[in-house]
Amino acid sequence: MPVYRDEGVVLRTHKLGEADRIVTLLTRKHGKVRAVAKGVRRTASKFGSRLEPFMVADIQFYEGRSLDTIQQAETIASYGADIVGDYPRYTSANVMVETADRVTESEGNPQQYLLLVGALRSLSRAEHPPQLTLDSYLLRALSIAGWAPSFDACAKCGTPGVHENFVVQLGGMVCQDCSPHGAAHVSPEVVVLLDALLRGDWEHAEAQTEQNWSRASSLVSAFTQWHLERGLKSLEHVAR
């Protein structure tokens, strides 16, 4: 079908020529889509502002051979203004959209789409500390992509319980018997925090100390970058 319609969140944009822009979106039904938005860099553009990063829009596409073309765009949710005005929220949002870009392909994945939109909405409303919102998003995005971390059982042998060592390469917490030399030791409180972030249990996550938040963030960062196989550029700007 040459013309199709879908809702999508803008991940990133690139300049094309003097007036056009290539927009990368995560859509609800069609997965990741790269499309040309013609004339959006002109001041008279009718929908240029609707195609900025972190915006959610209802879009009509014309299917092309290599790149689709955006014909119409109507705003569904505008999260950009509230996010870009606050540095911690802005840097966290950049990590989110870069991660979404890396874990999604051209096939539809409504779970990834809804997770990203929900996380951006939460950031824009300052519902939780940006650091926690980001770490919760990363854990859940990786889980949907097939890399769910194990926090309540040994990631290697399956022995249940709260274990003390975290091994990125093995997929989470491991028991003493499976733990390699030099594995990161993690306190029970941080394990509880990580599990709460994975489940979206904000009451228990926010009750933890900032020191535990920082320790959990380091583990989430290491876990994320290991499974994505190369570093997230935007993560360098997030205060940890």
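The values are calculated or read from the model by the stated rules, or taken from the named source; none is laboratory data. Please read these numbers as outputs of a predicted model, since none were measured by experiment. Every residue, glycine among them, receives a Cβ derived from its backbone with ideal geometry; neighbour counts consider all protein chains shown. Please note that ligands, DNA and RNA were not included when accessible areas were found on the heavy atoms of the full protein model with its side chains. Shrake-Rupley method; radii C 1.70, N 1.55, O 1.52, S 1.80 Å.
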Among the residues of region 34-69, write down those that are open to solvent by 10 Å² or more (accessible area, probe 1.4 Å) and hydrophobic (A, V, I, L, M, F, W, C). Val36, Val40, Ala44, Phe47, Met55, Leu67
Could you name every one of the helices (runs of 4 or more DSSP H) located completely within region 186-240 that has at least 3 residues being farther than 18 Å from Ala141 by Cα and not aliphatic (A, V, I, L, M)? 202-206, 210-228
Looking at (1) in a strand (DSSP E or B); (2) under 14 Å from the mean Cα position of the chain (by Cα), which is the only condition Leu116 fails? (1)
Taking region 6-39 as the region of interest, how many residues are of a type in the set (A, V, I, L, M) and either over 25 Å from Tyr90 (Cβ atoms) or without any contact (Cβ under 8 Å) to a residue 24 or more places away in the chain (or both)? 3
Looking at (1) under 17 Å from Ser218 (Cα atoms); (2) of a type in the set (Phe, Trp, Tyr); (3) within 19 Å of the chain's Cα centre (by Cα), find the lone condition where Phe151 falls short. (3)
Verdict on Arg12 being surrounded by fewer than 22 Cβ atoms within 10 Å (Cβ to Cβ), within 23 Å of Gly118 (Cα to Cα), out of contact with any helix residue (DSSP H, G or I) (no Cβ under 8 Å at 6 or more places or on another chain) and among the basic types (Lys, Arg): no
Going residue by residue through region 127-137, is there one that turns out to be among the acidic types (Asp, Glu), within 19 Å of Val238 (Cα to Cα) and in a helix (DSSP H, G or I)? yes
Contacts under 6 angstrom Cβ, first residue in region 157-179 being buried (at least 18 other Cβ atoms within 10 Å of the Cβ), partner assigned to a loop (DSSP other than H, G, I, E, B) and of a type in the set (S, T, N, Q), 6 or more apart: Asn165/Ser179; Cys175/Thr159
Among the candidates His237, His185, residue that is closer than 21 Å to Val97 by Cβ, surrounded by fewer than 15 Cβ atoms within 10 Å (Cβ to Cβ) and in contact (Cβ under 8 Å) with a residue 12 or more places away in the chain: His237
Of the residues in region 1-34, those that are at pLDDT below 95 and among the small types (Gly, Ala, Ser) come to Gly17, Ala19, Gly31
Of all residues in region 103-114 being at pLDDT 95 or above and surrounded by 21 or more Cβ atoms within 10 Å (Cβ to Cβ), the one that is farthest from Ala196 (Cα to Cα): Tyr113
